[in-house]
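Contents: one structure, followed by commentary.
The values are calculated or read from the model by the stated rules, or taken from the named source; none is laboratory data. Model, not experiment: these values are computed from the prediction. Cβ coordinates were reconstructed from backbone atoms using ideal geometry, including for glycine residues, and neighbour counts include every protein chain displayed. Please note that ligands, DNA and RNA were not included when accessible areas were found on the heavy atoms of the full protein model with its side chains. Shrake-Rupley method; radii C 1.70, N 1.55, O 1.52, S 1.80 Å.
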Amino acid sequence: MQTYKVSENQANLRLDKILVSFLPEMSRTYISKLIEDGKCLVNDKIAKASLKLKAGDIISIDIPETKPLEVNAEDIPLDIIYEDKDILIINKPQGLVVHPSNGHWEHTLVNAILHHCNDLSGINGIMRPGIVHRIDKDTSGLICVAKNDASHKFLAEQLKDHTMARDYIALVRGVIKENSGTIDMPIGRDKNNRQKMAVTKTNSKPAITHFRVLRRFSNNTLIECQLVTGRTHQIRVHMAHIGYPVEGDPLYGSRTYDKLYKGGQLLTAYKLRLIHPASKKEMEFSIDLPSYFQEIIDNLE
């Protein structure tokens, strides 16, 4: 248990903000999780992140020891776009799960990364080492991995304040008339199907997606999407909700038509912009559409 005393200069600040100053090596997200889990006390009482403290208050926080990694490294080929001592940018193929979960401990991106790297950030625990953000199994494209905790914290802050930009290309069913638009609708767990997410006001979080039409076909539209937030299945849920489901989507697509592609949703994270955690310089990475995706576009044309 680590203990800190609130100074005069810190009086009237929120508990979570004060802890960020005491624990600069940890991300705000991780600190918030510790508070939510009841591992932080103020004057020996469990406190909320929003609690404003007084000078002299005593903060006690129980930071769990990092457990040894229990996920096995596997020699799975990686399409590495960029790598240095702080970050790793990978082009994830469609069909590859990002991180292990209970009952699914093998053949994931994390297993492959562990084979490639000796050290990774441990901030997200033993099943998600180095994973700053994720993309769905059947969504392909760019993903950023942190190779140390300092980089992870810096990148996580960018996700939170939206200075990391993630752009996607999707082929949706239907012809969108508008040239661009913004979908600002909260997303939460679907009450009728726990495997799905839905636009809902119940137990949801804000979700914002910008989209821009790139090309129109007779029954489809090719669009670029930019995430402001990063909710589970966000683009898939938002586009389906407004009547333009991502082509090939097995979960949110309509079952009343023949899919152009049966290998999963035609959605790829094709561009990633971030501030490098060490150099503090802006970096941008982009990839071409996967061959299976480009072939469908070529056929539509």
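A few notes on this one:
- Selection count where residues are of a type outside the set (A, V, I, L, M) and closer than 20 Å to Asn9 by Cβ, scope segment 21-39: 4
- Some residue of segment 219-232 being of a type in the set (D, E, K, R), in contact (Cβ under 8 Å) with a residue 12 or more places away in the chain and either touching a helix residue (DSSP H, G or I) at 6+ places or on another chain (Cβ under 8 Å) or closer than 24 Å to His162 by Cα (or both): yes
- Test set (1) closer than 20 Å to Met26 by Cβ; (2) at pLDDT 95 or above - Glu157 fails condition number: (2)
- Test: residue in segment 146-159 that is over 30 Å from Val20 (Cβ atoms) and part of a strand (DSSP E or B): no
- Residue check for Lys92: in contact (Cβ under 8 Å) with a residue 24 or more places away in the chain, farther than 27 Å from Thr3 by Cβ, open to solvent by 60 Å² or more (accessible area, probe 1.4 Å) and within 23 Å of the chain's Cα centre (by Cα): no
- When Glu106, Glu83 are checked against the criterion of being modelled with pLDDT under 90 and farther than 28 Å from Ile63 by Cα, Glu106 stands alone in meeting it.
- Scanning segment 97-122 for residues being crowded, with 19+ Cβ neighbours inside 10 Å, aliphatic (A, V, I, L, M) and touching a helix residue (DSSP H, G or I) at 6+ places or on another chain (Cβ under 9 Å) gives a total of 2.
- Condition check for Ala198: among the hydrophobic types (A, V, I, L, M, F, W, C), farther than 20 Å from Glu282 by Cβ and out of contact with any Gly (no Cβ under 6 Å at 6 or more places or on another chain): yes
- Of all residues in segment 1-22 being of a type in the set (A, V, I, L, M, F, W, C) and in contact with a strand residue (DSSP E or B) (Cβ under 6 Å, 6 or more places away or on another chain), the one that is least open to solvent (accessible area, probe 1.4 Å): Phe22
- Of the residues Pro250, Pro206, the single one that is open to solvent by 20 Å² or more (accessible area, probe 1.4 Å) and within 15 Å of Lys137 (Cα to Cα) is Pro250.
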